[in-house]
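Working notes, beginning with the structure itself.
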Amino acid sequence: MKKAKEKKEEKEEPRIGVFTCYCGSNIAGVVDCEKVREYAEKLPHVVCSKTNMYMCSDPGRNLIKESIKEYDLNRVVVASCSPRMHEPTFKRVIEEAGLNPYLFEMANIREHDSWVHSKSPHEATEKANDLVKMAVAKAALLEPLEKIESPVTQSALVIGAGTAGITAAYDIAESGFPVFLIEKEFYIGGKLAQLNKVFPHEKSALDLHGELVNKLSNPKIQLFTGSTVSHVTGYIGNFQATIVTQPRCVDESCNLCGECSKVCLVSVPNEFNQNLDTRKAIYLPFPECFPQQYVIDFDNCTKCGECLKVCDKNCIHLEDEPTEREVNIGTIVVATGFDTYNPDPGEFGYATFEDVITSMQLERMMNPNGPTRGKLINPSNFASPNTVVFISCVGSRQSPELFPEKEQINQYCSRTCCSLMIKDASLIKEKFPEKEIFVLYRDIRTFGKGQEKLYRKCRELGVNFVRYGEKELPKIVSDEHGNLIVGVKDHLFNVFMEIQTDLVVLATGAVPAAYMEDVCSILRLSKSPDGFLQEAHPKLAPFDTFSEGIYIAGAAQGPKDLTDTSNQASAAASRATIPLAKGKLLMDLVTAKVNEDLCIGCFKCVEVCPYQAIEKDEVKGKVNVIDAKCKACGICSGKCPVGAIQLRHFKDDQIINMIDGLLAVLERG
C-alpha cells in the first residue's frame, strides 16, 4: 500500500481564513452573517474573514481560492451548511489552491442553527459565532494528512446466481473483469426458474431462463453451484473469500439417461415443484436446469449403491467430499434473492385443507414441465376446479393485532404479489372462460410499465374482484360435504359473501432468503427492519452497503419484480466495476493511529472494532491499524485506557481546543 504525496506538509504558524455563506435566505434570513464575519475577524490566527451569497457557487469558490493566495492562508474555515452536503466541494477548492485538503474545517450554521432557531435571530447569530469560534480553534491545530494508495485486485465475486446475480456477473465480465459466481443450489436461475410465465407480457419464464444461461457462456465468468461463502476478509480492492462447494457426486460425463433415478429406493417431496410431487435421492433438479447434471441428496441418500450398478458411464462418486477454494477479489455483489412466504398451518386454511395452495404452487402446476404438466387441478382429487378464489396480501402488510402469535410480522408490501395473482387469474380465465374466478384483494398495487393494462384486461375477461378490509380477513371453512367455503365481507358494498370454491390460491409475499443471516454475518452487512439488506442511502447510494466495496443487487435489498431486479443488478455491477477499472484506490487517511510508546497491549481496541480494522502484533505485543478498513468511527479511541490510539483529524487536543473555546465564550456570557 503506497502513500500519495501532498503539496504542502510543513508546520507553520496558522493563518486562517473564515468564509461565511448566506445560503440565500436559508442562513441570512435568520443569522446576521455580517456580524458573524466581524466576529470571526477578531479570533486568534484569523487573517481573513469574508461573506458570499452562495459560497458553493463559482463566485464563492473563486473567492476562497483568491483569498488563499492573497492572504497566504494555510487553514480554511467555511461557515455554511452540513459537511455532508458540501465538505467534499470545499476540500477540492482548497486543494486546487495548493493547500492540503485536510487543513479545512466546516461550521454548520444552517442545519445546526438557522433552521432550528428560525424564530430567534439574535440567539441564532450568537450561536453562529460560537460555532465559528470552535471551528477556528480546531483548525488551528489541524495537520496535513496523506492519502493512501491501495492496489485493486481486478476481479469480482457475485453471491447468488438468480436473475440479479447472473445479470451483474455478466455486466462485470463484459467490462473485461473475471467474475466468481456462486450459487448455493445445484442449478441457476433462482425463482425465475420456477415460474410459468412472467408479467406483463406473459412471456415464458423458461425463455428468460435460457437467456440467463446464454450469458454464462462469457469465458470470464466462473460458476460454482452448490456453493457458499464461508469466510471473507480484507477490504475494498483486496478481499479474500473462501468458497465451499458441496459434492454433486455426479461428474460431467453423465449422459442424463436417468437410469440411476429409476432404481433409487428413496422418494422425498420435490422442493422445486413446491412439494406437489416427489423426487428421488439422485435426481435432475428440473428438465431445463443448468448445469445439466444429476445430483445426489446426501440428506436422504442411504448409499445403498443401486445407482452405481446401472451407471454405464461410471460417473457417480459417492465418496466425494466438500471442497474449498480461496479467491482474491476487489469487489463483491450480493444477490441472494428472496424466499416466498410460507403460511403457518391454518393461516387462510393452508395445510388444513389440501386444496388451499400458494401462488408458487400454482406457478409450478401451470408450467408445462411442472408436476401436472400444465393442468390446473385440485390436489385433493386431481379434478379440474370450476371455481378458483385468489386471496392477496398473504404474508405481506400484516397487522400485529391480527397475528399476535407471530414472532415476525411482515408489515411491508411485497410489490409483486398483485401482479402475479392477476397474471395467473387472467391466464386461467383466458384458457377456461367457463371457470368462475374471484380475486379477494385488500388493495390492488399493479405498478410498473404495462401492469395497469394487465389489471384492466383481467377485469374485462370477467374476473370478479372483491375488496376486503384490513382487519376483516377472509376465512376458509368446509361445509358438511367437504366443499371449501370462503367467507368475506365486501368492503365496497358492505355486504358479507360466502363463496363455494374448489381451489383457493394464496398470493404469498416475499421474505428475506434464509441464507441472508449467514451472508450478513460473514460480510458484516446491516439489515433494515424488514430483514432485507440495508443500503447505504436510499436515494444517493441505493446499491452500496456500509461496507465499502460490497454492493446489493435485486431482491436481497427488498421485494421487486424482474424489471427492477435486472435494472438494479446492472447498476450494482457498474458500481462494482468502478474500482476494478481504476486498478488502484486513493483513500482518505482519516483513520486511527497507534502510538506504540503508549500502547500497553491490552487489545481492547481489537475487541470493539466493528470493522476488524485493528490487528494484534503478537511479536511486539502491540496493535496495528489497517488503514483501508478503518471507517474512523472512533470507538477504539474511546475504549483505549491510556490514550494510545487517536483518530487523525479528530485528535483529543483538537477536540479539547474546540471545547475550551466554547467554555471561554460561556464564561464571558
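The values are calculated or read from the model by the stated rules, or taken from the named source; none is laboratory data. Treat the numbers as computed from the prediction; the structure is a model and nothing was measured. Neighbour counts are summed over all protein chains in view; Cβ atoms, including those assigned to glycine, are modelled from backbone coordinates with ideal geometry. Side chains included, ligands, DNA and RNA excluded: accessible areas come from the protein's heavy atoms. Shrake-Rupley method; radii C 1.70, N 1.55, O 1.52, S 1.80 Å.
Using the Karplus relation 6.51 cos²θ - 1.76 cosθ + 1.60 with θ = phi - 60°, the per-residue 3J(HN,Hα) values for the range 129-142 come to 4, 4, 5, 5, 4, 5, 5, 5, 4, 5, 4, 5, 9, 5 Hz, with x marking Gly and Pro. With helices as the sole contributors, the chain gives -8000 deg cm²/dmol at 222 nm; each DSSP H run of n ≥ 4 counts as -39500 (n - 2.57), and the sum is divided by every residue.
Database remark: amide H of ARG467 closer than 5 angstrom to the amide H of TYR441, HIS491, LEU492 (H placed geometrically; neighbours at sequence offset of 5 or more, or on other chains; Pro and chain starts carry no H). In whole percent, and with a 1.4 Å probe on the protein chains, what portion of the accessible area of the range 421-537 is carbon and sulfur? Roughly 48 percent, rounded to a whole number. With the full set of protein chains in place, find how many percent of the accessible area of the range 290-348 is carbon and sulfur; take the probe as 1.4 Å. Heavy-atom surface of the range 290-348 belonging to carbon and sulfur, 1.4 Å probe: 44 percent. Multiplying the residue separation of TYR71 and LEU141 by 0.36 nm and removing their Cα-Cα distance gives an extension gain of 23.3 nm.
Taking amide H as placed 1.01 Å from N in the peptide plane, the amide H of LEU589 sits under 5 Å from that of ILE148, each at least 5 places away or on another chain.
Provide, as a two-decimal number, the C-alpha radius of gyration of the range 255-400 over 2.2 N^0.38 Å, N being how many residues it has. Can you show the working numbers first?
Working: Rg = 19.6 Å, N = 146, 2.2 N^0.38 = 14.6 Å.
In units of the 2.2 N^0.38 Å rule of thumb, it is 1.34.
Counting charges near ARG248 (Lys, Arg +1; Asp, Glu -1) among other residues having Cβ under 11 Å from its Cβ returns a value of -4.
All Cα-Cα separations within the range 108-183 were binned at 5 Å from zero, giving a P(r) of 3, 13, 13, 8, 6, 5, 5, 5, 9, 14, 13, 6, 0, each value a whole percent of the pairs. Taking amide H as placed 1.01 Å from N in the peptide plane, SER396 has its amide H under 5 Å from the amide H of GLY509, each at least 5 places away in sequence or on another chain.
The charge dipole of the chain, taken about the Cα centre with unit charges on the Cβ atoms of Lys, Arg (+1) and Asp, Glu (-1), comes to about 1380 debye, rounded to the nearest 20. A 1.4 Å probe run over the chain, with the rest of the protein chains in place, finds 46 Å² accessible per residue.
With both labels modelled 7 Å from their Cα along Cα-to-Cβ, the ALA632 to LYS616 distance reads 3.0 nm.
Per residue, the convex hull spanned by the Cα atoms of the range 1-154 amounts to 116 cubic angstrom.
Starting from the Kirkwood radius over alpha-carbon pairs of the chain, derive D by Stokes-Einstein at 20 °C in a medium of 1.002 mPa s and give it in µm² s⁻¹.
On the way: Rh = 29.4 Å.
Here the translational diffusion coefficient equals 73 µm²/s.
For the range 627-641, backbone phi angles converted through the Karplus equation (6.51, -1.76, 1.60; θ = phi - 60°) give residue-by-residue couplings of 4, 5, 9, 5, 9, 6, 6, x, 4, 4, 5, x, 7, 4, x Hz, Gly and Pro being listed as x. 3J(HN,Hα) along the range 414-421: 7, 6, 9, 4, 4, 5, 5, 5 Hz, from the Karplus curve 6.51 cos²θ - 1.76 cosθ + 1.60 with θ = phi - 60°, whole Hz, x for Gly and Pro. Sparse packing (at most 15 other Cβ atoms within 10 Å of the Cβ) combined with a DSSP loop state is found for the following trypsin sites (Lys or Arg not before Pro) in the range 368-440: ARG373, LYS375, LYS406. DSSP beta bridges confined to the chain are antiparallel in about 50 percent of cases.
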